[in-house]
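Some notes on the structure that comes next.
The values are calculated or read from the model by the stated rules, or taken from the named source; none is laboratory data. Predicted, not measured: the structure shown is a model, and the values here were computed from it. Virtual Cβ from ideal backbone geometry, glycine too; neighbours counted across all protein chains shown. Note: areas computed on protein heavy atoms with side chains; ligands, DNA, RNA excluded. Shrake-Rupley method; radii C 1.70, N 1.55, O 1.52, S 1.80 Å.
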Amino acid sequence: MGTLSSDLFYDILKRLDGATLASASCACAAFSSMSKEERLWEDVCSSMWPSTKRDDVKNLISSIGGFKKFYADCFPLIVNTEVPEFRWSDYPEYPEELTEAEYYGDIDEFENVSPSDFVSIVDIRYKDKTICSKVIWGIPNANGFNGWFSNCPFRIDLFTFSGGVTLSVVDGLPPVTSMERERKDGKLWQELRDGIRLSWIVVNTKAKQAANLSSWSPLGGQRHWPTDNDFLLRFGSILPAKDILPCQMVECILAMKFRVTEASGVHTTLELTELCMQLGDMDGAHVNGRNSLLVLKEALSCNRSRNYNLALESCHLYSKVQNEMKEEKMRYESMLDRLFILGGITAFVTLCCYFLRAFVS
């Protein structure tokens, strides 16, 4: 290797993906030195996230530490395996009994977070082909802390109108002769679920941190929702909310909806009509804007891993605790219903006995 030129080594390294390049940098001192070249990591990032090719995004990445740091922060998945076990005492029936600081988090900390601090970098791929790349600077329509944003459910919509992003047979979709056929074999749904990849990177410009809130592949979905021509895909991750919400964990929900606009003969066309991001708590309620900003800030510094199974495990643990909570609430409400019915019957019998005695006397 000592007889080979450094230009040849550089030409080899620039052909590697990010994970392989990181491994190669540990092989020897020469590779370690050359792998620090920002241009190599810029090429890696642009091939994985086409949005990073934009000049404004390049300047943003440079301001938060460079492309190598950006890749290290955004390639691994957010993993939270320490989902707390369900205990009924942790979820009070009447949350209004909590103080404002306990329910809404640290007010002083919230004042240090601004919607304008966050940038969303979104890329959608289908079978290694980029079908959409968008960058959202700040939180849309979040004008001030004392308005509707702080108390209303937090939501970011990528599309403000339909149209512009389509998939067809040319992109690799299987031809579907009719939706009736699709309902039987589900071939189009299977190809869509296996082929779609979503990356939703959030950058905090003030804290100079970044993280990918999406899972590499869909976590679930529905074949036909809400109509026979719609497909809903769900991505996301489990984010920490300790000292922010009583449930201590929330789910980042990234919902993507495709609509079949043509399915006849050999032609099949899908239109991407919706992509949004929301945060949901253990009760299934959407987190408000105030708490969502605090959760996003915490998420940028939580644990991550390249192991996709660990990310799935954290999602399954969260779903398990959430289901246990729902079942316990249903049992509790059922017990209250029985007590109310029994109390009503007892009151009715007591009243009848009273009138009977009065009549006899």
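Structure values in brief
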| quantity | calculated |
| --- | --- |
| Carbon and sulfur %, accessible surface of the chain computed with the full protein complex present, 1.4 Å | 53 percent |
| Radius 15 Å from Cβ of residue 255, net charge of other residues (Lys, Arg +1; Asp, Glu -1) | +2 |
| Karplus-derived HN-Hα couplings along the stretch 266-273 (A = 6.51, B = -1.76, C = 1.60, θ = phi - 60°), whole Hz, x at Gly and Pro | 8, 9, 9, 10, 10, 10, 7, 9 |
| Per-residue HN-Hα couplings for the stretch 28-35 [Karplus 6.51, -1.76, 1.60; θ = phi - 60°; Hz; x = Gly/Pro] | 7, 5, 5, 5, 4, 5, 6, 6 |
| Span-rule helices in the chain, defined as complete DSSP H runs reaching 30 Å or more along the axis (Cα) with Kyte mean at least -1.0 | 308-360 |
| Spin-label proximity, residue 178 to the stretch 246-269 - amide N less than 20 Å from point 7 Å beyond Cα toward beta carbon | 260-269 |
| Calculated FRET efficiency for the pair residue 185/residue 324, C-beta based, R₀ 45 Å, to 0.05 | 0.80 |
| Label-to-label distance, nm, for residues given as residue 171 and residue 335 (7 Å Cα→Cβ offset) | 5.1 nm |
| Simple label model, 7 Å out from Cα along Cβ direction - residue 208 to residue 355, nm | 8.1 nm |
| Solvent-accessible area per residue for the chain (1.4 angstrom probe, square angstrom) | 53 Å² |
| Pairs of Cα atoms farther than 40 Å apart, the chain, % | 28 percent |
| Cross-link pairs beyond the 29 Å C-alpha cut-off, checked among 36/208; 208/242; 242/329; 127/320 | 127/320 |
| For residue 215, distant residues with modelled amide H under 5 Å away | 236 |
| Net +/- balance of residues flanking residue 78 in space, Cβ distance below 13 Å, scoring K and R +1, D and E -1 | -3 |
